[in-house]
């Protein structure tokens, strides 16, 4: 019995994408080291324990998810869609937790030691459902350029993004749904006119809201976060405080950095660098490890994105390709927005740096997403036949 179990475990490990797993683990360990540095000033070891436990759980989840066949899972698409809606609606129950800005974007269950962000989970199931929609439209409608195709996929995206934003008030993750949709539908072959219409309509709506001062007082801070990008002196003590401190911290690192655990701002007390273990972890990397460390962190994330895209490019069918593209775009946009936020060129919208920032549920769900990619790689290899080109069923 133990021999069979050992053989099964070894088979699971051997069939998984160990390169992708290694890159994810390297980024996570890097992140844990920087979280330790960022929280050392108050002797808070709990975050290190939580993040390390999340990494270990994430590895197990990675192997477990890689065993799931997406074709079998997607047959229960109605249940997945219902789960997305109900999981978001849980934010309106007593389990929903509000942050300092009034956004209700976290769930706190009494039987779990950490909070869960529904958006982290729903983004993955959303990508799977959207990928299946795109393949279905390609096969059944045979025309991704039609209005009906744009209506189906656009309606799905706006429905989830709109519901999440109305319920939670979290603009960052609501925006992520839209960005993921744009990349996936573009790769699938949607007509450019639909993207032009989307961006044009969005610009007109946002412009109208600003021009006619329709932003409610409770949400004025969102508008201010965009204004401060063009005028760094605007409301420095409030709206621009985080990014001003972040830019100062990164600037102090120079090329080689001030040394691990020796950052002037990173090791200072409360009030020096806000959210240094979450939203502004990149600032700590920049100060203590300098340009070299910051570049290494970016290269690790870029390597993960490239690996996911390579698996998608080799996939045996468009459905798998679209899933990989969606997951890669999710990591890519979070990286770009978070780093841009730390460099004061993008607004603060609450998106953390994947694998690096503190957040147990975030790490576990990221490893789960990568587990789906690993499973796609495994099944691409298993289903190959002699003389059959790899990925011959996919359109690239």
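Every number in this text was worked out from the coordinates using simple rules, so none of it is lab data. Quick caveat: nothing in here was measured; it's all calculated off a predicted structure. Here the Cβ positions follow ideal geometry from the backbone for every residue, glycine too, while neighbour counts run over all protein chains shown.
What to note about this one:
- Cα convex hull of the stretch 1-121 - mean projected area over all directions, nm²: 11.1
- Annotation: average projected area of the stretch 37-191 is 11.5 square nanometres, based on the convex hull of Cα atoms across all directions.
- Correct choice for semi-axes √(5λ) of the Cα gyration tensor in Å that was computed from the model, options [x] 34, 28, 20; [y] 109, 32, 20; [z] 40, 22, 18: [x]
- The C-alpha radius of gyration of the stretch 1-52, expressed as a fraction of 2.2 N^0.38 Å, stands at 1.69.
- Peptide ranges 352-359, 177-184 listed from the most packed, as the mean C-beta count within 10 angstrom indicates: 352-359, 177-184
- Packing-based order for 78-89, 281-292, using average beta carbon neighbours within 10 Å, highest first: 281-292, 78-89
- Projected area averaged over orientations for the stretch 263-383, convex hull of C-alpha atoms, nm²: 8.2
- If you take the Cα centroid of the stretch 245-270 and the Cα centroid of the stretch 291-336, the two points sit 29 Å apart.
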